[in-house]
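A quick write-up on the structure given underneath.
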Amino acid sequence: MFRRAIPALALLMLLGACSADSGAPTSSIAARSSVTPTTRPEMSPATTAALPETSTPTAPYLPSGDLPPADLAGIAAAFDPFLESIGYRVTRGALIDRSTYAVDPTGTHLAVYVAPIDDIDLDRYAADLIPVVRTFLPVVFDQWKGLESFDVCQEPRNWDGPGDPPSLSLLDVFRTGTGGVPWQELDVAGLADLAAESAAVTLWVTGDVRETETWQALFNPGP
């Protein structure tokens, strides 16, 4: 079952997706939301959508309406063409009723999981965080005015272990409070600072990724 644990203290208790280790996150990446851990229903694996490859989502290529596609097939069809350009695809996803974390076609929270198309190392996961974020933000809020919140997790490729894949990162964002965020300009350090300062943004990264040289260089870019 899926679990989303947003409060900083609850991060240590995660057992499902979006937790891959038991180590505490770096202080700048501590969660800032009041959402409590909840169980989420199963979502089926996605298939890669056979659509033209494009580097960045733009409104004319995305479904119209107040809300994004409600099911996995629709989410994959909307975003896989853009994710493929950075070597990823949608693996799970749905619209969610955030009060219960039940899948709901009229839910106002979009939950998306992505995984690399090919095998990559932990340094690459670190380097890919920002390209993944820029694929979805701010376009999910710009395109679908009824969407109130969104989260995306990086997952391992072709997970064959027990239970849900242990995610390597989680970004959880509310529309309210992030209207002026320059998502397309943020780097890792800027995203971590935003999460530390804003109650509307949560960033969590597994300890294995945080220990990589790539993450350390991105998180502490220097003068």
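Table: residues versus (1) among the polar types (S, T, N, Q); (2) within 15 Å of the chain's Cα centre (by Cα); (3) modelled with pLDDT of 95 or more.
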site	(1), (2), (3)
P81	no, no, no
R89	no, yes, yes
S99	yes, no, no
G107	no, no, yes
D119	no, no, no
D123	no, no, yes
A126	no, yes, yes
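Quick check, is L147 over 23 Å from F79 (Cα atoms), in contact with a Leu (Cβ under 8 Å, 6 or more places away or on another chain) and modelled with pLDDT of 95 or more?
Judged against the criteria, L147 is not a match.
How many of the residues in segment 87-116 are in contact with an Asp or Glu (Cβ under 7 Å, 6 or more places away or on another chain) and over 18 Å from L171 (Cα atoms)?
Counting residues in segment 87-116 that are in contact with an Asp or Glu (Cβ under 7 Å, 6 or more places away or on another chain) and over 18 Å from L171 (Cα atoms) gives 3.
I'm trying to understand the selection: among the residues of segment 174-199, which are exposed (fewer than 12 other Cβ atoms within 10 Å of the Cβ) and either of a type in the set (S, T, N, Q) or over 15 Å from L129 (Cα atoms) (or both)?
Looking only at segment 174-199, we keep the residues that are exposed (fewer than 12 other Cβ atoms within 10 Å of the Cβ), and these are 176, 179-180, 182, 185, 197.
The answer is T176, G179, G180, P182, E197.
Are any of the residues in segment 154-173 under 26 Å from L67 (Cα atoms), touching a residue at least 60 places away in the same chain (Cβ under 8 Å) and loosely packed, with under 15 Cβ neighbours inside 10 Å?
No, segment 154-173 contains no residue that is under 26 Å from L67 (Cα atoms), touching a residue at least 60 places away in the same chain (Cβ under 8 Å) and loosely packed, with under 15 Cβ neighbours inside 10 Å.
Within segment 79-98, how many residues turn out to be part of a helix (DSSP H, G or I), touching a helix residue (DSSP H, G or I) at 6+ places or on another chain (Cβ under 8 Å) and surrounded by fewer than 24 Cβ atoms within 10 Å (Cβ to Cβ)?
Within segment 79-98, residues that are part of a helix (DSSP H, G or I), touching a helix residue (DSSP H, G or I) at 6+ places or on another chain (Cβ under 8 Å) and surrounded by fewer than 24 Cβ atoms within 10 Å (Cβ to Cβ) number 3.
For segment 59-78, enumerate the residues that are in contact with a strand residue (DSSP E or B) (Cβ under 7 Å, 6 or more places away or on another chain) and buried (at least 21 other Cβ atoms within 10 Å of the Cβ).
Matches in segment 59-78: P68, L72, I75, A76.
Pairs needed: first member in segment 189-212, over 20 Å from E148 (Cβ atoms); second member anywhere, modelled with pLDDT under 95 and charged (D, E, K, R); C-beta distance under 6 Å; at least 6 residues apart or different chains.
T206/D21; G207/D21
Is it the case, given these coordinates, that L137 is modelled with pLDDT of 95 or more and either surrounded by fewer than 22 Cβ atoms within 10 Å (Cβ to Cβ) or closer than 17 Å to I75 by Cβ (or both)?
Criteria met by L137.
Looking only at segment 79-116, which residues are in contact with a Pro (Cβ under 8 Å, 6 or more places away or on another chain) and either of a type in the set (S, T, N, Q) or free of Cβ contacts under 8 Å to residues at least 24 places away in the same chain (or both)?
Answer for segment 79-116, where residues must be in contact with a Pro (Cβ under 8 Å, 6 or more places away or on another chain) and either of a type in the set (S, T, N, Q) or free of Cβ contacts under 8 Å to residues at least 24 places away in the same chain (or both): just T91.
From (1) at positive phi; (2) at pLDDT below 95, pick out the condition that doesn't hold for G177.
(2)
The values are calculated or read from the model by the stated rules, or taken from the named source; none is laboratory data. Note that the coordinates shown come from a computational prediction; the quantities given were computed from them, not determined experimentally. FYI the Cβ positions are ideal-geometry reconstructions off the backbone, even for glycines, and counts take in every protein chain you see.
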